[in-house]
């Protein structure tokens, strides 16, 4: 493991080593375990906010900066990262979050990590320091390399510095939780909220025992009208308990930190759409998986007991045309399930990493 | 847009033509309201494309003949003028361009005969009646006739109305006259739909407006004007300059095409000795709805509820900007619901003699209008122009619909008399 | 350019297209020579008008086989010359590929062909109370394919993002004719965001055929406020206050006096008389929340020194306020025979500073500059007014334009917020990015398009790559001295 203290360190390491894998906080273990003869670059010390201008809604920070530190800094100015980065308490970093392409439940309202990245600096496979994007919230010059880096898992370069757009934090939150006896009614309720002309902050669905499921709706905004708005949500859901204060906070912390995933289990991210929730539930049934649907049903978080190999999930997702990314669990082939035609990806890879120093596209 | 047009060398109206080109910023906002662009889907048949073509032809960087097929296909509906944020007066480029092009372009024998036929019959009611009757008899020959004759015949109604009573010289107002106007009786309309003029007289009178129908008047010349024959247009216009009195509050017309054309007399007579007289005339021209809306309307009601789709004649809405007045007048009638037609800004395809000169394209555009009308679920259609009425009726019929199509003023007339809007006998 | 190859391509195209969809006559080609950047005109060899995706694919394959460049064109509304043809190349007009293939309200997505008009997507989604959020001012005619190629913006970008934030999937034909699907129907993905890379690639990566877009529920309530100020600085200051108050408006727009004049003459929005600047602020969302936010907004505006404040009372009021703003560019044509519209970005906090500097520069060059801008995200649209017939005016205008771009870069902004680089600003790309960065982008381009036939001459300055890059030659109808002297390159 090479401990990185500066951008030059990264460049040197890239030129010196035959194969490298960047690592942030190690909060997504499957993504941070290097294969044999791959040098791991520990970027957790390449940290610090370089520039923060609340009036501009932007900040620039080193890639190894911890999410929780950034959030605390932003909160002091009444701002936040709207894509609700997960695993902050597990040490997730800005770079790791971007490279893994992860967003939390709060992504429902304004968008995911890809919608807030403005600029990146990275060290490519030849050791060059490359800049993409810019530092302002609106920029259409040049190719959108920052977006390319989202979900790239370090395949194209080692992120060293990132510029993000932020938003003002809402004044207050409330949550409506509606347990449903059947999955069907929960999905129907979720879809009603999905289509409604509401400004919902988070919309999740968590299957439970015996075919039941709970719908979770979070609202954010001015405190005075929050409960009136919650009543509208309750009407749509057909009922539900209202959670405030600590209860609201803890409910979403559980989602963001994946505390519902038993220790030692495999956790896989599966992009989805709300209309496909029922279908996925059906094919996951035999696996004793635990699931949580987030972002209004645009992502499924599937947790498998360690007795179930990830290959089994691969075998289920592939015919269903779904893709998966292993976050906790076995390293190696972390992208499972269906894959897009790799033509485009390969050509891009060849530009950034001609010598193959960074991990392959698998 | 930049151009290299030699303004002094392109003849009259050179300044206006160049200004239209200059003001165009090529933004493309006009494309979404152009019936030919929506139908044909190619840049040459859009206002923006036509401006480029006319500009290039005027500059001499493009042979004139290369631009003509596309300029010919322009309806002259002026929807682009309404949509244009830069204020390009497209008509000030199109009309003089057509005039300029006319002597310079070859025309086939069929084309020349067709144009002569149109120019020599339509403006003259007596001749038109003869031609239309002959046309009815020649119906059997229709499949064998070349366009535009076939198209012309296709537009004629099944039965020509009986030769109506001649219009009186003076139609007195009900009660003390609040105003005095002169009415343009029109040409084709007098043969195809004489009741429109009578309805106009009745409605004006009920509102306390005295109407004179000058003797010796004739066709306003708009058809020729928009067709590139400015000499012919002026000849006809002068008849009216002589025939119409100047001491009236307005010169009223119930045909959008005529109103739009007459308001352009200033441009038509530019640099002519009688330019001033023409401008004075033009300054008094009003569409009947435009004039009526300025008066406190008497209560009006239809006996039974009717849902009426209102069609904006392009020469009323776009060329003259008259959109609110007809709707306000119709809206004030009880038992009448006015419905908006989807894609209402699109021409019906009549556009003067367009449906005769570009029959295929006019048919596509007419079909689109008819389908949009049927989508409203209306019981009847109203429009402020005889050309539209004929075109819409034709294309509704081709879709198997016998929805009644009336003139706006006929609707108002029946409302004032509390007469039913239509009976089965009304279908012409 | 090898004319042999071009002729062979044209012969092949005649088998693929009927004569009325393969345009080659002068009268047919002239209207396609330019898009909304009218200073540049290039006559293409032919224009083809495909009606199916397959025709597009076959056309690209043929171009690749014969190594002839192609330019895709939607409605030709690009302000940066994005669809400017290439000499001895072809134009592929996509406006007839305009079918909405699927609209799934439950999944809140639509799958549309590239030639679909932006606003038509919203119209199709309206019965479900859904809409497509990105709203460039030309949305009634611009195509979604063009929006994707240039990552178009609009007035609601601060809160809702740009085109790229609303694209879920793409079906594209690469310059070598291969068809590739990127992304899908989900807002989440696994693997690198190739859709994100493709959006905004200015046609250099191929042609988009089919686009999966995300639809949002229509906000239930809009609160549209218009505030009039007696100085531009005060309006800019008001924006900072709104931002500082923690509100996130859907739109924050400013128009200066000249722009107001133009808009008033064009569409009569009846803006407050005598305003030196007007600020449009729009809040939207659930009615209760909007009401609360309105109170905060109105206090901020009260304290900002506006001399008149109006609130839209209904939908038609709101339409009228926006109509003035959206027609501002084109309306400026009423104030001046010619103009250059720019698209720079500066950090929002330096907006007033930038405007003051632009004013000073305008005076220095003796030219009027109208200003319209997305104040919320620092995206300026200075409209440099000039009269092309006046000797030297165009040169002064272009020099002024260059200085404004330099200003944006100096302030740490961008040379383009939403119009793209294309032809207009390609010489400035090296001022924003280092040689290394440009080199990576160039190599990316060449990896996807080794033959450099996809929209060549756009985005990169001429001579990039140094190995005989084919640049289009623009035949401007007025070749002026600076052009001839090679001081500015318009090729």
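The values are calculated or read from the model by the stated rules, or taken from the named source; none is laboratory data. These numbers were taken from a predicted model, which means no experiment stands behind them. Quick reminder, even Gly has a Cβ in these numbers, built from the backbone with ideal geometry, and neighbours come from all protein chains shown.
Observations on the structure shown:
- In region C:335-343, the count of residues that are touching a strand residue (DSSP E or B) at 6+ places or on another chain (Cβ under 9 Å), touching a residue at least 12 places away in the same chain (Cβ under 8 Å), farther than 23 Å from residue A:137 by Cα and buried (at least 24 other Cβ atoms within 10 Å of the Cβ) is one or more.
- Checking each residue of region C:141-159 against the condition of being more than 11 Å from every other protein chain (Cβ to nearest Cβ) and assigned to a loop (DSSP other than H, G, I, E, B) gives at least one match.
- Screening region C:85-118 for residues that are surrounded by fewer than 19 Cβ atoms within 10 Å (Cβ to Cβ) and at the interface with another protein chain (Cβ under 9 Å from one of its Cβ atoms) and picking the one that is farthest from residue C:151 (Cα to Cα) gives C:106.
- Residues located in region C:372-395, provided they are in contact with a helix residue (DSSP H, G or I) (Cβ under 6 Å, 6 or more places away or on another chain) and either surrounded by 23 or more Cβ atoms within 10 Å (Cβ to Cβ) or at pLDDT 95 or above (or both): C:372, C:375, C:376, C:377, C:378, C:382, C:383, C:384, C:386
- Search result, residues across region B:27-41 that are surrounded by fewer than 22 Cβ atoms within 10 Å (Cβ to Cβ) and at the interface with chain C (Cβ under 7 Å from one of its Cβ atoms): B:41
- Which listed residue, of C:298, C:289, C:308, C:293, is over 30 Å from the mean Cα position of the chain (by Cα) and without any contact (Cβ under 8 Å) to a residue 12 or more places away in the chain: C:289
- Subset of region B:49-71 (residues that are crowded, with 21+ Cβ neighbours inside 10 Å and at the interface with another protein chain (Cβ under 7 Å from one of its Cβ atoms)): B:49, B:52, B:53, B:56, B:67, B:70
- Selection within region A:171-198 - surrounded by 21 or more Cβ atoms within 10 Å (Cβ to Cβ) and part of a loop (DSSP other than H, G, I, E, B): A:198
- Per the listing C:403, C:418, the residue uniquely closer than 25 Å to residue C:336 by Cα and more than 10 Å from every other protein chain (Cβ to nearest Cβ) is C:403.
- Tabulated pairs, region C:69-92, first outside the structural domain of residue C:51 (by TED's automatic domain parsing) and within 17 Å of residue C:201 (Cα to Cα), second at pLDDT below 95 and part of a strand (DSSP E or B), C-beta under 6 angstrom, 6+ apart or interchain: none
- Filtered residue count, region C:185-214, keeping only those that are farther than 18 Å from residue C:421 by Cα and either in contact with a helix residue (DSSP H, G or I) (Cβ under 9 Å, 6 or more places away or on another chain) or touching a residue at least 40 places away in the same chain (Cβ under 8 Å) (or both): 17
- Residue list for region C:430-461, restricted to those being part of a helix (DSSP H, G or I), touching a residue at least 12 places away in the same chain (Cβ under 8 Å) and more than 9 Å from chain A (Cβ to nearest Cβ): C:430, C:431, C:442
To keep it simple, each residue is scored yes or no on (1) closer than 30 Å to residue C:383 by Cα; (2) part of a loop (DSSP other than H, G, I, E, B); (3) touching a strand residue (DSSP E or B) at 6+ places or on another chain (Cβ under 6 Å); (4) within 13 Å of chain B (Cβ to nearest Cβ).
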| residue | (1), (2), (3), (4) |
| --- | --- |
| C:43 | yes, yes, no, yes |
| C:54 | no, no, no, no |
| C:68 | no, yes, no, no |
| C:77 | yes, yes, no, yes |
| C:83 | yes, yes, yes, yes |
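- Checking A:82, A:146 one by one, the residue that is in contact (Cβ under 8 Å) with a residue 24 or more places away in the chain and either surrounded by fewer than 21 Cβ atoms within 10 Å (Cβ to Cβ) or part of a helix (DSSP H, G or I) (or both) is A:146 and no other.
Results for (1) in a loop (DSSP other than H, G, I, E, B); (2) in the same structural domain as residue B:319 (by TED's automatic domain parsing); (3) modelled with pLDDT of 95 or more; (4) closer than 24 Å to residue B:72 by Cβ, shown as yes or no for each residue.
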position	(1), (2), (3), (4)
B:218	yes, no, no, no
B:228	yes, no, no, yes
B:261	no, no, no, yes
B:267	no, no, no, yes
B:270	yes, no, no, yes
B:281	no, no, yes, no
B:286	no, no, yes, no
B:291	no, no, yes, no
B:294	yes, no, no, no
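- Exclusive hit being at pLDDT 95 or above, over 25 Å from residue A:154 (Cα atoms) and either surrounded by 19 or more Cβ atoms within 10 Å (Cβ to Cβ) or away from chain C (no Cβ under 12 Å) (or both), set A:248, A:285, A:353: A:248
- Each residue in region C:313-327 was checked for being closer than 13 Å to residue C:372 by Cβ and either out of contact with any strand residue (DSSP E or B) (no Cβ under 7 Å at 6 or more places or on another chain) or not assigned by TED's automatic domain parsing to the domain that holds residue C:228 (or both), and 4 of them qualify.
- Any chance residue A:228 is under 22 Å from residue C:247 (Cβ atoms), touching a helix residue (DSSP H, G or I) at 6+ places or on another chain (Cβ under 9 Å) and either outside the structural domain of residue A:188 (by TED's automatic domain parsing) or surrounded by 15 or more Cβ atoms within 10 Å (Cβ to Cβ) (or both): no
- Residue match in region A:103-111 (condition: free of Cβ contacts under 8 Å to residues at least 24 places away in the same chain, within 11 Å of another protein chain (Cβ to nearest Cβ) and part of a loop (DSSP other than H, G, I, E, B)): no
- Qualifying residue in region A:289-299 (condition: away from chain C (no Cβ under 14 Å), modelled with pLDDT under 95 and in a loop (DSSP other than H, G, I, E, B)): yes
- Number of the exception - residue B:139 against (1) under 23 Å from the mean Cα position of the chain (by Cα); (2) outside any loop (DSSP other than H, G, I, E, B): (1)
- The helices (runs of 4 or more DSSP H) found entirely in region B:314-415 that carry 2 or more residues being in contact with a helix residue (DSSP H, G or I) (Cβ under 8 Å, 6 or more places away or on another chain) and within 23 Å of residue B:262 (Cβ to Cβ) are B:314-317, B:324-331, B:354-357, B:386-398.
- Sole exception among (1) within 11 Å of chain C (Cβ to nearest Cβ); (2) surrounded by 24 or more Cβ atoms within 10 Å (Cβ to Cβ); (3) assigned to a strand (DSSP E or B); (4) within 20 Å of the chain's Cα centre (by Cα) for residue A:132, by number: (4)
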